[in-house]
Amino acid sequence: MEQLQVSAERRSSLALLPGIVDRPRQTFTTLLATPRWRWVLPLVLCILALALVSAATAEFTSEQARQQQAASLAQMQAQLDNLPEAQRQQTQRMIERTTSPLFVGGISFVTRSLGQPIGWLIGTAILYFGLAIGGTELKLSALFAAFSWTWLPFALRDFLQAVWTWVTGQPLLNPGLSYFFATGDLLADARNPVYVLTSLFDLFFLWHIVLVYFLIKAARQRGGAFGLTVVYTLLYLALRFLPILLSSRLAFNPGG
């Protein structure tokens with residue numbers, strides 16, 4: 001047993017990476033057995049992909065922010081007309097700064113980067129308590145390291161979206177199944193709960209759920225993994241949908 005663990009320790013994270021595709025359960029077994037620093041590779045890949053997609057879509061998100069600001073200012077035009085000229089100019093400069101591609105892209109990158117480890121912690125907690133209720137004891141740090149690898153499909157999605165944007169000149173406007181509910185009015189679609197919810201469903205999300213299933217199978221040697229996977233999926237959708245729905249009610253959110 002010790003020899004197997006030493007052998008797994010010697011395998012780098014890069015060497016384990018292809019196993020996420022063709023040997024997920026075996027890969028997660030290795031990650032759980034040798035978790036030290038295994039979360040670094042997924043974090044680097046996810047942050048890199050976030051940087052690429054934020055840079056690629058910065059111009060588009062900036063334009064959407066300008067439209068949203070223009071709509072808001074139109075509703076406040078009477079109040080703005082009563083402001084002194086200096087204050088009106090100051091307001092215009094502030095709008096230009098906060099809707100510039102650099103500012104919008106930077107804010108998108110920072111907020112999503114900070115949300116990355118928080119999402120991992122929440123997902124890890126869901127699985128940890130679910131496994132504990134089923135009688136499976138694991139170190140939280142080991143489960144966290146392994147769970148971070150289930151996020152790799154989202155890193156691939158961001159990378160492909162960045163490439164798509166650079167090649168076609170525009171971002172993917174209707175992600176997931178939201179295409180079937182899109183009206184063409186981006187601001188109106190962003191406030192449609194059905195559109196927002198269906199935007200979460202794509203092949204990368206399904207791949208993430210499949211990886212969660214195999215992670216549970218690797219952690220729980222006996223007993224099924226389907227039930228806990230369903231619970232995780234429902235909680236994931238709820239935690240993802242409610243904040244997006246709230247933000248879509250307040251302003252257009254192009255990040256998806």
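The values are calculated or read from the model by the stated rules, or taken from the named source; none is laboratory data. As the structure is a computational prediction, the values presented were derived from the model and not from experiment. All Cβ positions, glycine included, derive from the backbone under ideal geometry; neighbour counts span all protein chains shown.
Okay, here's what the table says:
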| quantity | calculated |
| --- | --- |
| Tally, over segment 183-192, of residues that are assigned to a helix (DSSP H, G or I) and touching a Phe, Trp or Tyr at 6+ places or on another chain (Cβ under 8 Å) | 4 |
| Qualifying positions in segment 115-137 - more than 25 Å from residue 227 (Cβ to Cβ) and either among the β-branched types (Val, Ile, Thr) or at pLDDT 85 or above (or both) | 116, 117, 118 |
| Positions within segment 148-175 being of a type in the set (Phe, Trp, Tyr) and either over 23 Å from residue 62 (Cβ atoms) or touching a residue at least 24 places away in the same chain (Cβ under 8 Å) (or both), in sequence order | 149, 151, 154, 159, 166 |
| Positions within segment 180-239 being out of contact with any Gly (no Cβ under 8 Å at 6 or more places or on another chain), of a type outside the set (A, V, I, L, M, F, W, C) and at pLDDT 85 or above, in sequence order | 208, 213, 217, 227, 229, 233 |
| Out of 114, 121, 160, 131, sole residue that is out of contact with any helix residue (DSSP H, G or I) (no Cβ under 9 Å at 6 or more places or on another chain) and among the aliphatic types (A, V, I, L, M) | 114 |
| Test: residue in segment 122-141 that is among the charged types (D, E, K, R) and in contact with a Ser or Thr (Cβ under 7 Å, 6 or more places away or on another chain) | no |
| Segment 34-46, residues that are assigned to a helix (DSSP H, G or I) and crowded, with 16+ Cβ neighbours inside 10 Å | 41, 42, 43, 45, 46 |
| Tally of residues being surrounded by 18 or more Cβ atoms within 10 Å (Cβ to Cβ), without any contact (Cβ under 8 Å) to a residue 24 or more places away in the chain and in contact with a Phe, Trp or Tyr (Cβ under 8 Å, 6 or more places away or on another chain) across segment 105-147 | 1 |
| Flag for residue 206 being part of a helix (DSSP H, G or I), within 14 Å of the chain's Cα centre (by Cα) and of a type outside the set (S, T, N, Q) | yes |
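Condition check ((1) assigned to a helix (DSSP H, G or I); (2) buried (at least 18 other Cβ atoms within 10 Å of the Cβ); (3) over 20 Å from the mean Cα position of the chain (by Cα)) across all residues:
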position: 149; (1), (2), (3): yes, yes, no
position: 156; (1), (2), (3): yes, no, no
position: 179; (1), (2), (3): yes, no, no
position: 196; (1), (2), (3): yes, yes, no
position: 200; (1), (2), (3): no, no, no
position: 213; (1), (2), (3): yes, yes, no
position: 231; (1), (2), (3): yes, no, no
position: 234; (1), (2), (3): yes, no, no
